[in-house]
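Below: the structure, in structure tokens.
The values are calculated or read from the model by the stated rules, or taken from the named source; none is laboratory data. What you are looking at is a predicted structure, and each value in this text was computed from that prediction instead of being measured. Using ideal geometry, Cβ is built from the backbone for each residue, glycine included, and neighbour counts are taken over all protein chains shown. All accessible areas refer to the heavy atoms of the entire protein, side chains included, with ligands and DNA or RNA removed. Shrake-Rupley method; radii C 1.70, N 1.55, O 1.52, S 1.80 Å.
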Amino acid sequence: MATLLTPQAGSSPAPSPETNRPKNGPRSLFDPTILRRAVKESFFKLDPRLVAKNPVMFVVEVGSVVTTYFFIRDLVTHTGNAGFSGQISVWLWFTVLFANFAEAMAEGRGKAQADSLRKARTNTMARKLSGSREELVPAPNLRRGDLFVCETNDQIPADGEIVEGIASVDESAITGESAPVIRESGGDRSAVTGGTRVLSDRIVVRVTANPGESFLDRMIALVEGAQRQKTPNEIALSILLAGLTIVFLFATVTLLPFAHFSVDQAGQGSVPTITVMVALLVCLIPTTIGGLLSAIGIAGMDRVMQHNVLAMSGKAVEAAGDVNTLLLDKTGTITIGNRQATAFFPAPGVTDAELADAAQLSSLADETPEGRSIVVLAKERHNIRERHAEGMEFVPFTAQTRMSGVNVGGREVRKGAAESVKRFAIETGGSMPDAVQAKVDEVAKGGGTPLVVADGARILGVVQLKDIVKGGMKQRFDQLRSMGIKTVMITGDNPLTAASIAAEAGVDDFLAEATPEQKLAYIRQEQAGGRLVAMTGDGTNDAPALAQADVGVAMNTGTQAAKEAGNMVDLDSNPTKLIEVVEIGKQLLMTRGSLTTFSIANDVAKYFAIIPAMFIVTYPQLKALNIIGLSNPQSAILAAVIFNALIIVALIPLALRGVKYTPANAAQILRRNLLIYGLGGIVVPFPGIWIIDRILVALHLA
């Protein structure tokens with residue numbers, strides 16, 4: 001019976017950048033497990049040794065202790081207003097607790113990821129090689145440099161590099177991706193991770209990490225925040241907030257003697273109590289951003305992790321937001337990575353359908369992406385489908401002949417490199433038409449790869465192969481350009497081909513025939529001009545450039561040297577992810593800046609609430625400043641303190657999710673954020689404080 005061959009569909013194109021979505025999608029803000037853990041840890045974080053790391057919240061906690069003392073004194077001695085001082089104390093404690101809760105929520109999302117990663121840890125027995133002899137030892141006993149063997153269904157006991165063999169490996173425990181990956185010795189895909197599982201074949205692995213230093217251990221420590229260090233920008237902002245706190249502290253302290261003087265001179269009114277002075281101080285200092293600053297940084301690293309990228313430090317995420325130059329590999333990042341057939345160019349006297357038929361016939365047994373794409377193109381253009389395989393003798397491609405094809409019914413159909421097919425045609429009595437040679441040169445100059453098709457001595461024409469630029473890349477590069485980011489394509493292609501692809505993709509510059517030394521020199525040149533550089537890499541030869549770059553994203557499939565040199569590791573090994581990392585970095589900086597603006601701006605409303613309330617009896621003229629019509633001095637002060645605490649809780653979702661990022665230049669972003677968070681920070685507290693004032697009066701709490 002004759003066998004029917006149906007042309008196969010081509011390899012599915014790589015997903016466009018727009019389809020990239022977080023793999024470890026963000027957990028719900030109201031996840032009961034995270035909420036319970038965060039509430040519990042909020043109280044543990046009241047430890048003064050922990051709070052002291054945040055100067056703003058430390059001042060609030062000290063103020064809470066002071067007002068609690070006066071509340072207890074008033075309660076015991078029946079002097080003063082115990083109800084008022086008690087409410088102030090409660091809400092000041094809530095202010096500290098809410099700030100702790102924000103940080104605990106951010107940490108809790110990371111700890112939830114760490115719990116799932118711990119399940120991937122292995123305490124299995126390892127088949128350690130001692131010379132030619134195998135011995136079973138516990139996995140924690142393996143040390144750097146030891147050799148072990150893994151076969152089908154074995155769990156890999158430790159991080160290492162394959163020194164012998166090839167295997168299919170299930171890395172879903174680490175990456176969340178169910179599709180197995182190929183790992184083999186002697187290349188850039190030789191690294192394996194402890195906790196993953198071998199699905200087929202046999203490999204010999206050399207251990208590269210001692211117990212406690214493995215990739216999984218580092219992931220757990222980083223996502224838990226155990227190794228989180230403050231970034232330079234975060235430190236700078238903390239110093240600014242501490243400075244503002246000190247200024248307002250001195251202002252509040254000096255206000256007390258002025259109050260005594262004013263009351264004596266006016267002959268009326270009363271001096272504000274210590275409780276009121278503490279309330280004033282807490283409302284003056286930037287408690288909103290002080291309470292959320294740590295949560296914003298932790299959440300930024302968490303958002304990177306949601307995209308299956310492991311950031312070795314918050315500094316790396318922050319640097320990504322300031323990047324000026326992106327170095328992107330052509331293959332797999334800008335282009336699909338597999339050359340695809342895009343056009344048929346028949347020789348004079350040959351129809352397009354005749355060329356397509358012969359090209360498809362010669363490619364039926366070609367399992368390469370190029371061969372499959374020729375089959376698909378012929379099917380799409382001329383609806384050439386089922387073939388009878390009876391009597392066909394397929395000729396495979398070899399490095400020597402540089403051709404492949406089929407012998408059938410006395411015909412010898414071949415396709416391959418132009419020189420090889422030309423030689424084949426001449427040997428069988430034919431020749432290469434000038435028009436075909438001209439088309440071969442034209443395709444090559446245009447950045448494509450020409451394949452010539454012949455039927456015996458007769459040259460039928462040229463098939464153009466091209467490395468297809470991924471859909472949407474040009475638009476992405478336009479967005480990056482609008483953000484002031486320069487894109488540079490790195491390729492080993494000749495300058496002519498590189499220039500053609502660079503023009504099609506829309507990058508700003510390209511580095512052709514790039515060597516590791518040239519990459520390193522280019523990065524240093526950019527940095528010398530005051531620009532921050534980001535790049536991706538996976539090979540040992542990329543390690544120097546990854547180490548030099550301000551943001552170096554190493555592929556998880558790459559070598560150990562590359563992963564150690566970079567400051568981020570992409571668990572999906574998707575080079576395009578670098579663009580997402582830059583956007584997350586910018587979102588982190590925007591979130592921090594926006595909430596800082598809001599925090600400072602919303603203090604304005606509190607001035608109008610508290611200052612008149614403190615001195616209105618002494619100076620009745622201050623009633624004009626009570627522009628929102630607050631009921632009485634006590635309700636005004638309480639309303640301001642309560643709003644100051646509740647606004648932290650209200651902004652926790654924004655701190656954890658981040659301000660929505662849309663590509664734009666710095667001036668546009670600044671204008672938009674000043675309008676939303678600057679003006680909004682001034683306006684929002686007025687109705688908020690007014691509503692709380694009315695509730696307090698209605699409940700007879702003030």
Residue tally, condition surrounded by fewer than 16 Cβ atoms within 10 Å (Cβ to Cβ), modelled with pLDDT of 90 or more and under 21 Å from L496 (Cα atoms), over the stretch 415-460
1
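Determine, yes or no, whether L654 is of a type in the set (A, V, I, L, M), assigned to a helix (DSSP H, G or I), out of contact with any His (no Cβ under 7 Å at 6 or more places or on another chain) and open to solvent by 10 Å² or more (accessible area, probe 1.4 Å).
So L654 fits the description; yes.
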Here are V65, V76: which of them is at pLDDT 90 or above, of a type in the set (V, I, T) and out of contact with any Phe, Trp or Tyr (no Cβ under 6 Å at 6 or more places or on another chain)?
V65
Name the residues in the stretch 367-393 that are open to solvent by less than 30 Å² (accessible area, probe 1.4 Å) and under 44 Å from the mean Cα position of the chain (by Cα), would you?
G371, S373, I374, V375, V376, L377, A378
Restricting to the stretch 334-372, what's the tally of residues that are part of a loop (DSSP other than H, G, I, E, B) and farther than 22 Å from Q437 by Cα?
6
Condition first: of a type in the set (A, V, I, L, M, F, W, C) and under 16 Å from I692 (Cβ atoms). Now tell me which residues in the stretch 597-621 satisfy that.
A605, F608, A609, I610, A613
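Out of the residues in the stretch 326-342 that are among the small types (G, A, S) and out of contact with any helix residue (DSSP H, G or I) (no Cβ under 8 Å at 6 or more places or on another chain), state the one that is farthest from L520 (Cα to Cα). Even if it seems obvious, please write down each step before you answer.
Of the residues in the stretch 326-342, the ones among the small types (G, A, S) are 332, 337, 341.
Within this subset, residues satisfying the condition of being out of contact with any helix residue (DSSP H, G or I) (no Cβ under 8 Å at 6 or more places or on another chain) are 332, 337.
Working: G332: 21, G337: 24 Å.
Restricting to residues being among the small types (G, A, S) and out of contact with any helix residue (DSSP H, G or I) (no Cβ under 8 Å at 6 or more places or on another chain), the top hit is G337.
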Here is a list of conditions, (1) open to solvent by 20 Å² or more (accessible area, probe 1.4 Å); (2) under 24 Å from A636 (Cα atoms), and T342 meets all of them except one; can you say which number that is?
(2)
Output for the stretch 317-333, where each listed residue is within 14 Å of L532 (Cα to Cα) and assigned to a loop (DSSP other than H, G, I, E, B)
D322, V323, N324
Close pairs from the stretch 513-528: first more than 22 Å from I501 (Cα to Cα), partner in a helix (DSSP H, G or I) and β-branched (V, I, T), Cβ under 8 Å, at least 6 apart:
none
Looking at A613, A601 in this structure, which one is aliphatic (A, V, I, L, M), in contact with a Gly (Cβ under 7 Å, 6 or more places away or on another chain), touching a residue at least 24 places away in the same chain (Cβ under 8 Å) and surrounded by 16 or more Cβ atoms within 10 Å (Cβ to Cβ)?
A601
Which condition from (1) touching a Lys or Arg at 6+ places or on another chain (Cβ under 7 Å); (2) of a type in the set (S, T, Y); (3) assigned to a strand (DSSP E or B) is the one that T487 breaks?
(1)
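Which residue is modelled with the highest pLDDT, if the candidates are limited to the stretch 556-576 and must be more than 17 Å from T208 (Cα to Cα) and open to solvent by 10 Å² or more (accessible area, probe 1.4 Å)?
N567
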For residues in the stretch 103-127 being open to solvent by 50 Å² or more (accessible area, probe 1.4 Å) and in contact with a strand residue (DSSP E or B) (Cβ under 8 Å, 6 or more places away or on another chain), which is modelled with the highest pLDDT?
R127
Near pairs, Cβ below 7 angstrom, 6+ apart or cross-chain, from the stretch 259-284 (among the charged types (D, E, K, R)) to any residue that is assigned to a helix (DSSP H, G or I) and open to solvent by 70 Å² or more (accessible area, probe 1.4 Å):
none
Looking for something modelled with pLDDT of 75 or more, more than 28 Å from the chain's Cα centre (by Cα) and not assigned by the TED database to the domain that holds L589 - is there at least one such residue anywhere in the stretch 189-199?
yes
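Quick check: anything in the stretch 83-91 in contact with a Pro (Cβ under 8 Å, 6 or more places away or on another chain) and at pLDDT 85 or above?
For the stretch 83-91, residues in contact with a Pro (Cβ under 8 Å, 6 or more places away or on another chain) and at pLDDT 85 or above: absent.
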Looking at (1) open to solvent by less than 10 Å² (accessible area, probe 1.4 Å); (2) at pLDDT below 85, which is the only condition L588 fails?
(2)
With A624, A702, A667 as the choices, which residue is open to solvent by less than 40 Å² (accessible area, probe 1.4 Å) and either assigned to a helix (DSSP H, G or I) or in contact (Cβ under 8 Å) with a residue 40 or more places away in the chain (or both)?
A702
